[in-house]
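**Q** My structure is below; once you've seen it, I'll send some questions.
Just so you know, all these numbers are worked out from the coordinates, no wet-lab data involved. Here the structure is a predicted model, which is why all the values come from computation and not from measurement. As a convention, Cβ positions derive from the backbone with ideal geometry for all residues, glycine included, and neighbour counts pool all protein chains shown.
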Amino acid sequence: MTVNEHSWESFNDIDKKGLIVLKAWADWCAACKEYDPAFESVSENQELEGVLFTSINVAQHENIDPSYVISGIPATFILVDGVQKSKIEGGVSDSQLTEEIRKYL
């Protein structure tokens, strides 16, 4: 599955039905670059088909939706039908991310 890149404005316009995994990152962030392969790998996991994976570059799109508290990046939010269910701060392994997502399938 392809990870879709959004701005906060375009993210707010998408249909939020189902399970969404949103990554907040910045291109200057070393930890974000280290986390990218794990996030990409999980987005391609066939067991998670139907999950929408998306990301927002917070350095380019600074008008952060106040419902998403970001104290560090990368930050990953798991939403179910538009409601935030989980937040992961910092990078995690692909198995840790997959385990967290499976809680909401």
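**Q** Across segment 65-83, what is the total count of residues that are β-branched (Val, Ile, Thr), assigned to a strand (DSSP E or B) and either in contact with a Lys or Arg (Cβ under 8 Å, 6 or more places away or on another chain) or closer than 15 Å to ALA26 by Cα (or both)?
**A** Result for segment 65-83: 2.
**Q** Shifting gears a bit: With respect to LYS85, is the statement that it is more than 21 Å from LYS17 (Cα to Cα) and either of a type in the set (Ser, Thr, Tyr) or surrounded by fewer than 17 Cβ atoms within 10 Å (Cβ to Cβ) (or both) true?
**A** Criteria not met by LYS85.
**Q** Within segment 7-28, work out how many residues are surrounded by fewer than 16 Cβ atoms within 10 Å (Cβ to Cβ), outside any loop (DSSP other than H, G, I, E, B) and out of contact with any Asp or Glu (no Cβ under 8 Å at 6 or more places or on another chain).
**A** Of the residues in that region, 3 qualify.
**Q** What are the residues in segment 29-44 that are surrounded by fewer than 21 Cβ atoms within 10 Å (Cβ to Cβ) and in a helix (DSSP H, G or I), if any?
**A** ALA30, ALA31, LYS33, GLU34, ASP36, PRO37, ALA38, GLU40, SER41
**Q** One residue is enough: does segment 9-17 have a residue meeting the conditions touching a residue at least 12 places away in the same chain (Cβ under 8 Å) and farther than 16 Å from ILE78 by Cα?
**A** yes
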